[in-house]
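S.K.: Shown below is the structure under consideration.
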Amino acid sequence: MMLKKYSNKLVALHWMTVPLMILSLGMGTFVLAEMPNNLEKINSLQVHMIIGFVVGLLTLIRIFVKKNHQALEPLKVENDARKKLIKFTHFALYTLILLMVASGITLSIMSGLGEIVFFGSSAPLPEDFSIYLPRKAHGIFAKVLFAFIGIHIVGVLLYKFKTDSSISKRMWFGK
């Protein structure tokens with residue numbers, strides 16, 4: 001028998017990740033990118049880095065739990081291209097989240113940021129993080145992730161209006 005909705009474990013992982021991811025993406029894009037690299041930025045970087053790490057960890061747990069999850073009833077999608085787009089969008093979201101975390105960790109290591117932010121190193125923040133290749137990748141991944149989040153939200157809404165069926169019930173708590 002196929003399930004009509006995801007388990008409460010997967011639902012909780014999804015809804016814990018969403019606000020943290022939005023906070024981290026928003027903070028990186030609209031706050032940190034605009035701040036000068038001085039002492040005032042260190043606390044914001046610490047919060048951003050911790051949240052990003054937690055998002056990555058929750059995503060890995062979610063992938064593991066989902067891999068061992070019983071199959072769900074297929075969506076009411078008859079168009080093969082749309083079915084492939086749905087699968088690709090989910091794959092892209094997971095991949096981009098993990099790439100964001102990996103590029104953030106790599107940037108932290110290369111720039112010495114982890115030591116400065118978490119271990120009180122007296123070294124100054126780099127004058128410009130964009131000299132590090134992972135910083136450029138981190139920024140590109142963020143923009144692409146924003147786009148895929150938008151595609152995901154639009155897809156959920158279009159499904160609702162085209163099928164008159166609430167796909168969001170699959171990703172909510174309850175039986």
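S.K.: I'd like the distance separating the alpha-carbon centroids of the range 129-175 and the range 1-59, in whole Å.
M.R.: The range 129-175 and the range 1-59 have Cα centres spaced 13 Å from each other.
S.K.: Ok, one more. To the nearest 10 Å², what's Glu73's accessible area with a 1.4 Å probe?
M.R.: Accessible surface of Glu73 is approximately 70 Å².
S.K.: Taking R0 as 35 Å, what's the FRET efficiency between Ala71 and Ile131 from their Cβ-Cβ distance, rounded to 0.05? All intermediate terms of the calculation are to be shown ahead of the outcome.
M.R.: Working: r = 47 Å, r/R0 = 1.35.
The pair Ala71/Ile131 has a calculated efficiency of 0.15.
S.K.: Say each of Ile151 and Lys169 gets a label point 7 Å from the Cα, pointing the same way as Cα to Cβ; how far apart are those two points in nm?
M.R.: Distance between the two pseudo-spin positions: 2.8 nm.
S.K.: How high is the relative contact order of the chain? Use alpha-carbon pairs under 8 Å, at least six apart in sequence, and give a whole percent. Kindly include the intermediate steps, with their values, before the conclusion.
M.R.: Numbers: 136 pairs, mean separation 60.1, N = 175.
Once normalised by length, the contact order is 34 percent.
S.K.: Name the lysines eligible as straight-distance cross-link partners of Lys175: C-alpha to C-alpha under 26 Å, and not fewer than 8 places from it in the same chain.
M.R.: Lys175 reaches Lys4, Lys5, Lys9, Lys66, Lys67, Lys76, Lys83, Lys87, Lys160, Lys162.
S.K.: Could you order peptides 150-157, 121-128, 48-55, 10-17 by the average number of other Cβ atoms within 10 Å of their residues, highest first?
M.R.: On the way: 150-157: 13.0, 121-128: 11.5, 48-55: 19.4, 10-17: 16.5.
Peptide ranking by packing, descending: 48-55, 10-17, 150-157, 121-128.
The values are calculated or read from the model by the stated rules, or taken from the named source; none is laboratory data. From a predicted model like this one, the values you see are computed outputs, not experimental measurements. A quick note on method: Cβ atoms are made from the backbone with ideal geometry, for glycine too, and the neighbour counts reach across all protein chains shown. Just the protein is used for accessible areas: all its heavy atoms, side chains included, with ligands, DNA and RNA removed. Shrake-Rupley method; radii C 1.70, N 1.55, O 1.52, S 1.80 Å.
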